[in-house]
Amino acid sequence: MAKQYDLVIIGSGPAGLAAAIYAQRAKLSTLVIEKEMMSGGQVLTTYEVDNYPGLPGIGGFDLGMKFRQHAEQLETAFAEDEVDHVELTATMTEAEEALQAAELRVVEGSSPEPVPEENTGSWKRVVGKKDTYLTRTVIIAAGATHRKLGVPGEEAFAGMGVSYCATCDGAFFKKKRTAVIGGGDVALEDAIFLARMCEHVYLIHRRDELRGAKTLQERLLSLDNVTVLWDTVVEAIEGTEKVQALKLKHVKSGEASELSVDGVFIAVGITPNSGPYEGLLELDHGYIRADESGATSVPGIYAAGDIRTKQLRQIVTAVADGANTVTSAERYLTEQ
Ligand code: NAP
């Protein structure tokens, strides 16, 4: 039977953990649901974070673990579950009322009290694959996952030379030739990281201008063993048992070519993990529509971090969202 919370936070990346820290300090009864133990989000697979104020050059894993330890020090409760969907419910079901009554009896040794009026407002039922959680507010901080390139060979060679995480798999390509696809922060960071160990790295970008931060661009372009292939797209990933070559096309001249590589790292952006909330919340290109307060189209449900509509998806903005959404949730709880 569902346990009850003031706040359920979905996701344990920087946004979810920052929300947990603020919620614990606000003394809200809170649960963080994470898909896997220590899910942690994208930060854990980032080699180096160079723009988090006060901690220049800290490893992504180290920063992620600091967030986690801080939340744990404040005795945050975690549950390992995968959220399927969230339901709205005007009041608790009879079964849930019976549970609350039983809990009151155990705790206070008194006869069951009716559910207090102020507690029967708008409840949310977070339905996971393992359990159901009853809560008055929800913060969705479920982040985003790597987007696929969608070319022949990508799926067939996944784990056989095709990777979406340079820090996880880069070591398999020591002294080899690799390619990184994309022109954003992740692609630039991946190419810089791989250049430390690979014989040669090709950054393949579909335009003649990079999207990633200027400091990363400068670092990348200064490396002797990196070549940028501008205005170029990958049409297929080829090989026998593992990746051996990429079929390329120059978008301006239309010229086709082949590049022999041992590995290809795909960094073409992210897709928000908003599937479970389709139909419940307003989405915009897959991102949950929310402003700085985190308020979504449903009162009492907030969105934080990479999953929401926003200008800048970075760790520093994710943790700010965590703080803001808890403040919004507290206001909602007081006003109910
Ligand atoms: P991103 O900024 O959206 O960049 C995706 C890149 O992939 C773009 O250069 C895009 O090209 C290219 N691309 C997209 N679809 C493609 C396709 N089908 N074929 C070829 N190229 C394609 O994504 P990201 O680099 O994964 O970063 C995600 C978010 O995390 C961003 O907001 C980023 O700023 C943030 N982030 C921040 C940091 C940091 O602050 N240290 C580190 C990592 C990530 P176009 O340029 O032509 O669109």
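Annotations
- About its Cα centre, the chain has a charge dipole of approximately 920 debye under the convention of +1 per Lys or Arg Cβ and -1 per Asp or Glu Cβ, with nothing else charged.
- Ranked by the mean number of other Cβ atoms within 10 Å per residue, highest first, peptides 192-205, 243-256, 63-76 order as 192-205, 63-76, 243-256.
- Its relative contact order, with pairs defined as Cα atoms under 8 Å and 6+ residues apart, puts the chain at 20 percent.
- Ordering K124, K214, K3, K148 by the number of other Cβ atoms within 10 Å of each residue's own Cβ, fewest first, gives K214, K148, K3, K124.
- Computed over the chain, the ratio Rg/Rh where both radii use C-alpha atoms and Rh is Kirkwood: 1.07
- Two-site label geometry, K148 and L55: point separation in nm, points 7 Å out along Cα→Cβ: 3.4 nm
- DSSP beta bridges in the chain [antiparallel fraction, %, rounded to 5]: 45 percent
- Backbone N atoms of the range 176-206 closer than 12 Å to the 7 Å Cα→Cβ label point of M65 are not found in any residue.
- Theoretical gain in end-to-end length, Q336 to M37 [0.36 nm per residue, Cα-Cα removed]: 104.3 nm
- Database note for the chain: Cys without another Cys beta carbon under 4.7 angstrom, C198.
- Electrostatic dipole magnitude of the range 256-303 [Cβ: Lys, Arg +1; Asp, Glu -1; Cα centre; debye, to 20]: 120 debye
- Estimated dipole of the range 148-266 in Debye, rounded to 20 [Cβ of Lys and Arg +1, of Asp and Glu -1, Cα centre]: 160 debye
- Relative contact order for the range 1-59, counting Cα pairs under 8 Å that sit 6 or more residues apart, in percent: 32 percent
- Cα lying deepest toward the dipole's positive end in the range 148-266, options V151, A245, L203, charges on Cβ: L203
- Environment charge of I315, counting only residues whose C-beta is closer than 15 Å and scoring Lys/Arg +1, Asp/Glu -1: -2
- Residue-averaged [θ]222 nm for the chain, counting only DSSP H segments that reach four residues, each worth -39500 (n - 2.57): -8000 deg cm²/dmol
Read the figures in this text as sums done on the coordinates, not as results from a lab. The shown structure was predicted, so the numbers you read here are calculated from the model rather than taken from an experiment. Methodologically, a virtual Cβ is constructed for each residue, glycine included, from the backbone with ideal geometry; neighbour enumeration extends over all protein chains shown.
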